[in-house]
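Take a look at the structure below.
What follows draws every value from the coordinates through simple rules; no lab data is involved. Predicted model, so just to flag it, every value in this text is computed and none were measured. Cβ atoms come from the backbone with ideal geometry, glycine included; neighbour counts cover every protein chain shown.
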Ligand SMILES: Nc1ncnc2c1ncn2[C@@H]1O[C@H](COP(=O)(O)OP(=O)(O)O)[C@@H](O)[C@H]1O
Ligand SMILES: [Mg+2]
């Protein structure tokens with residue numbers, strides 16, 4: 001479904017991704033792990049069309065994404081809940097969700113809102129509240145719910161656990177699992193390696209702009225190198 | 001009291017004009033984080049196009065004042081919107097990915113170019129809108145005779161602001177504009193075509209600014225190729241008062257500044273009329289650069 005080949009991205013003159021290749025099949029939940037600055041966010045932003053690759057290809061169901069403007073990428077069914085959530089603070093929860101369905105023509109079908117509210121009942125309670133006044137966990141729910149409003153085929157999640165209490169992380173990861181089970185392919189970027197590997201079928205490990213490992217999650221969990229560097233020994 | 005009512009009405013009318021211009025600054029700043037220095041010249045262009053239609057071509061005399069005014073409003077807003085669109089394509093879009101300074105220099109260059117172009121076409125002397133374009137009647141407001149033109153200008157400004165408010169808050173494109181102003185990257189992740197949003201903003205802002213130019217011509221009777229500098233600076237101050245980037249803030253800021261100026265000139269000193277604006281601008285930039293609206297109100301708007 002998603003195929004990245006030899007992707008290089010530079011900011012100014014400085015290269016952040018030195019040619020990475022990865023593949024995600026339809027229905028998979030794949031995680032990309034790596035320390036701060038490894039290039040995880042850059043990878044997702046390149047897929048979403050917010051940064052332009054220097055070289056390399058990004059294909060989605062065979063079609064090149066890397067030359068499409070970002071709104072065309074969303075229209076193809078690829079959405080993202082970005083790092084730091086980036087909800088529209090001075091807008092209500094419901095307006096944020098409606099923005100998630102922006103690429104749809106015509107009015108937003110109520111079933112889309114209903115589906116998000118079923119996944120995150122807290123959002124329904126807060127639907128008229130300004131997004132900026134939500135707690136961190138609620139904002140994360142909103143960011144994910146908003147990304148679901150376009151009915152994506154591929155959902156990109158950038159560090160959804162960032163800054164959240166462990167209990168909340170578990171609940172959000174549980175929801176991500178359910179979203180994946182409902183048929184949405186998921187790429188989950190995480191620094192929380194243990195939790196992410198328990199959730200995902202496969203994982204890639206990025207290190208300063210290069211892919212250093214790729215394997216099934218069970219193997220990565222037992223890989224001494226991974227244990228050392230990302231699972232705290 | 002009578003004197004106060006007169007000055008208050010003057011202030012509201014002038015303030016309405018400032019507000020219309022300020023909306024152009026604030027909308028562009030909202031989505032691009034750029035001060036469109038050429039915006040004052042679009043206002044001037046509107047004033048001169050109105051002059052061309054109403055005075056040079058004698059439109060009001062030919063088809064009657066009401067239809068003549070209506071045709072001028074449509075033509076001026078359409079042509080100035082087209083000029084704004086062209087400005088964005090030529091002066092700003094090619095620099096979208098360059099650093100901020102390049103865009104600022106380009107904005108200043110566009111301002112100088114437009115001002116000189118207007119001077120070449122219409123000359124550097126003052127031009128007069130004829131006083132007989134509209135019937136010279138006054139209406140009674142709280143026992144005070146207020147000239148019809150003042151009332152019309154204020155009503156038109158208020159109607160335009162209401163239309164804009166509805167557009168921004170009730171339409172899909174308005175939602176996209178608000179989202180792009182809050183977080184352009186996040187807006188793009190929602191599938192919003194930010195280039196289109198910028199193009200829309202560069203049509204609406206100039207249309208409103210151009211109409212403000214027409215109104216200023218009708219109201220004060222005299223126009224000049226560099227009138228956009230002073231009005232531009234005042235409208236910019238109005239945008240700052242309301243918090244730059246904040247649409248409702250620009251409306252409130254414009255009306256406040258108009259009132260302040262008019263009442264200040266009446267009760268303090270006429271000589272201070274223009275200075276008031278700059279004192280306000282400097283004080284706000286120093287003390288409260290986010291604008292005068294309370295934080296919580298600003299968040300909601
Ligand atoms: N907007 C940017 N401008 C310049 N450098 C950037 C920018 N975003 C990221 N980088 C650099 O690119 C590298 C990868 O960053 P990023 O993709 O954010 O990593 P991660 O998400 O894995 O923490 C880092 O060295 C970072 O400093
Ligand atoms: Mg990151």
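Miscellaneous remarks
- Pairwise Cα separations in the range B:5-77 fall into 10 Å bins from 0 onward with the following percentages, short to long: 18, 33, 34, 14, 1.
- Taking the number of Cβ atoms within 10 Å of each Cβ as an exposure proxy, the fewest-first ranking of B:43, B:37 is B:37, B:43.
- Shape call, the range B:122-227: gyration tensor on alpha carbons, a/c limit 1.5: oblate
- Helix B:100-122 vs. chain B, principal-axis angle (Cα, 0 to 90°, nearest 10): 30
- The range B:253-277 and the range B:1-70: distance between their alpha carbon centers, rounded to Å: 18
- Taking every DSSP bridge with both residues inside chain A, close to 55 percent are antiparallel.
- With an a/c value of 1.5 or above and a/b not larger than b/c for the gyration tensor axes a ≥ b ≥ c computed over the alpha-carbon atoms, the range B:1-124 is described as oblate.
- Each of B:18, B:51, B:92 has some number of other Cβ atoms within 10 Å of its Cβ, and from fewest to most they run B:92, B:51, B:18.
- Ranked by the mean number of other Cβ atoms within 10 Å of their residues, highest first, the peptides A:140-152, B:57-69 fall in the order A:140-152, B:57-69.
- Top of B:279, B:28, B:153 by mean-square fluctuation, Gaussian network on chain B, Cα under 10 Å: B:279
- Taking the longest Cα principal axis of chain B as reference, the axis of helix B:172-182 is set at about 70 degrees.
- For peptide B:177-186, the mean count of partner chain Cβ atoms within 10 Å of a residue's Cβ comes to 5.
- Helix axis angle, B:39-51 relative to chain B longest principal axis, alpha carbon, degrees: 40
- By the beta-carbon count within 10 Å of each Cβ, the least crowded to most crowded order of A:119, B:42, A:211, B:233, fewest first, is B:233, A:119, A:211, B:42.
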